[in-house]
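Single-structure report; data block below.
A short reminder: the numbers here are calculations on the coordinates, not readings from a lab. Here the structure is a predicted model, which is why all the values come from computation and not from measurement. Cβ atoms come from the backbone with ideal geometry, glycine included; neighbour counts cover every protein chain shown.
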Amino acid sequence: MHSLTTLLVASLATLALTKPVPQITTKGFSVTGTVAKPLPAYPVRLARVYEKYGKPVPSNIAAAAAAATETGSVPAIPEESDVAYLSEVNIGGQTLTLDFDTGSADLWVFSSELASSYTEGHAIYNPNKSKTAKKLNGATWKIRYGDGSGASGDVYTDDVEVAGITVKGQAVELASKVSSQFLQDPDNDGLLGLAFSSINTVQPKPQTTWFDTAAAQGLFAKSLFTVDLKQGAPGTYDFGYIDSSKYTGKITYTDINESQGFWEFTGTGYGVGDGNFQEQDIDAIADTGTTLLLMDDSIVEDYYSQVDGAEVDQQQGGYVFPCSAQLPDMILGIGSGQATIPGGLMSLGAVSRGSSSCFGGLQSNQGVGLSIYGDIFLKAVLAVFDADNKRFGFAPK
Ligand SMILES: CNCc1ccc(Oc2cccnc2)o1
């Protein structure tokens, strides 16, 4: 009879027998294929066995696991009109502010390899001023984003600190070219990708994101991060833990499909204001690097049919409405729950300073077949990006 306890004891015994009993915080190494990958520290593995069988983790093991792993939090500062959120990162002793992007998987920076006319106003990364930089010989990268912007260059590795957590030997992609959109944004010194490393653009050998490198080095007790963006105020990115003070009620999870490299899930439908919830599959990604909520035309038209004076403004490139309009809430079905985006979050503000015309937070996805749940959505929830369990979670806040 294999009771849970028997299973648990057997697992612990096996675990205990597979290694000589060193002091508990030794990081073991397993050699898979040709690359030795560090195993998470012993107590972390022990804690996971208890968790795997739904048993409480004994306090001494939990304490040892906590001592052997790291957690951290970094502010996410909104740019003008919340078009993007920037966070401080330290690379080889140099501080830059980057746009953390769950929709891509490259960590790239404005660098000393860009023409100086392009780096005006930016913090740049210069590997020659770092004691720990190493060139990744022969490696190059080139990326194009959904809004048509892009960048390219070559690659170094260096020590990268995010939220107080330092990852050694992280691939850092230096921009030697950037598109015009990035030149118009002097506070944005580059992007830190938090999607899956399968879509990293480095050639000939793709590199891992900062989060995946940290997870592979066993730095996190739980390989997850949370996103708490706010309208017109600093929010946070937290790594390795969930801060229960940042949400109300409970977290609702839905499985993700990482085959395209995104935090992609199938939404269950939508509702406008207090209207009926429309049940339909919505193939969506959670994307901190996209400002807006981008959905199919049928849904966008349904929403703005309930906003007096709303119309498509070709010059502005989407739906606008009188800033005096009362915007209905937007309800998004995710997993077994529904996320409510209050009407007050569904506007990006005046189309230009002093205008009484406001730009909608919900816009068309141009029929690309994917809905992009960007910052407009993320401002309404505490979002959990759980790599261990391949799931996305949200909670009201
Ligand atoms: C505003 N365009 C420049 C720019 C800033 C951040 C990014 O990157 C993006 C754009 C769209 C989707 N995901 C990431 O481009």
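Potential lengthening of the chain between S355 and S244 amounts to 36.0 nm, from the contour at 0.36 nm per residue minus the alpha-carbon distance.
Cut-off is 10 Å between beta-carbons; in what order do T209, T201 appear when sorted fewest neighbours first?
T201, T209
Each residue of the range 234-239 was assigned a 3J(HN,Hα) from its phi angle through the Karplus curve 6.51 cos²θ - 1.76 cosθ + 1.60 (θ = phi - 60°); the sequence is x, x, 8, 10, 10, 10 Hz, with glycine and proline shown as x. Multiplying the residue separation of V368 and K177 by 0.36 nm and subtracting their alpha-carbon distance yields 66.0 nm.
Between V202 and Q207, the built amide H atoms are under 5 Å apart, and every one of these is 5 or more places off in sequence or on another chain. With Cα atoms as the point set, the range 311-380 shows a radius of gyration and Dmax of 13.0, 42 Å. Phi angles across the range 318-323 convert, under the Karplus curve 6.51 cos²θ - 1.76 cosθ + 1.60 with θ = phi - 60°, into 3J(HN,Hα) values of x, 6, 10, 7, x, 4 Hz, Gly and Pro given as x.
When only the Cβ of Lys, Arg, Asp and Glu is charged (+1, +1, -1, -1), the dipole of the chain relative to its Cα centre reaches about 2240 debye. How far is helix 59-68 tilted, in degrees, relative to the longest principal axis of the Cα atoms in the chain, given as a value from 0 to 90 rounded to the nearest 10? Here the helix axis deviates by roughly 70 degrees. Within the shell of other residues whose beta carbon sits under 9 angstrom from the beta carbon of S371, the net charge comes to -2, with Lys and Arg scored +1 and Asp and Glu -1.
Could you list which residues have their amide H under 5 Å from that of V155, counting only those 5 or more apart in sequence or on another chain, with H placed in the peptide plane? When sequence neighbours closer than 5 places are left aside, the close amide H contacts are L136, A139, L174. Annotation: the residues W210, W108, sorted from fewest to most other C-beta atoms within 10 Å of their own C-beta, follow the order W210, W108. The amide H of F100, built 1.01 Å from its N in the peptide plane, has S87, L192 as neighbours under 5 Å, considering only residues 5 or more places off or on other chains. Measuring between their Cα centroids, the range 345-397 and the range 96-111 lie 19 Å from each other. Karplus-derived 3J(HN,Hα) values for the range 114-128, using 6.51 cos²θ - 1.76 cosθ + 1.60 with θ = phi - 60°, are 8, 4, 4, 5, 8, 9, 3, x, 9, 7, 10, 9, 10, x, 5 Hz; glycine and proline are entered as x.
With neighbours defined as other Cβ atoms within 10 Å of a residue's Cβ, the residues Y319, Y145 order from fewest to most as Y145, Y319. Using the Stokes-Einstein relation with a Kirkwood hydrodynamic radius computed over Cα pairs, the translational diffusion coefficient of the range 292-350 at 25 °C and a viscosity of 0.890 mPa s comes to 198 µm²/s.
Against the chain, whose longest principal axis comes from its Cα atoms, helix 42-52 is set at around 60 degrees. Given the convex hull over the Cα atoms of the range 123-251, what projected area results after averaging over all orientations, in nm²? Mean orientational projected area (the range 123-251, Cα hull): 9.8 nm². Per-residue ellipticity at 222 nm from helix content only, as computed over the chain with -39500 (n - 2.57) for each DSSP H run of at least four residues, stands at -4000 deg cm²/dmol. Using a simple spin-label model with pseudo-atoms 7 Å out from Cα toward Cβ, Q280 and C323 lie 3.3 nm apart. Positive contributions from Lys and Arg (+1) and negative ones from Asp and Glu (-1), summed over other residues with Cβ under 12 Å from the Cβ of P206, come out at -2.
Straight-distance candidates among the lysines for linking to K205, with alpha-carbon spacing under 26 Å and chain neighbours fewer than 8 residues away dropped: K37, K129, K131, K134, K135, K142, K168, K177, K390. Calculated on the alpha-carbon coordinates, the convex hull of the chain measures out at 163 cubic angstrom per residue. For the pair T140 and Y118, a Förster radius of 22 Å applied to the C-beta separation gives a FRET efficiency near 0.75, rounded to the nearest 0.05.
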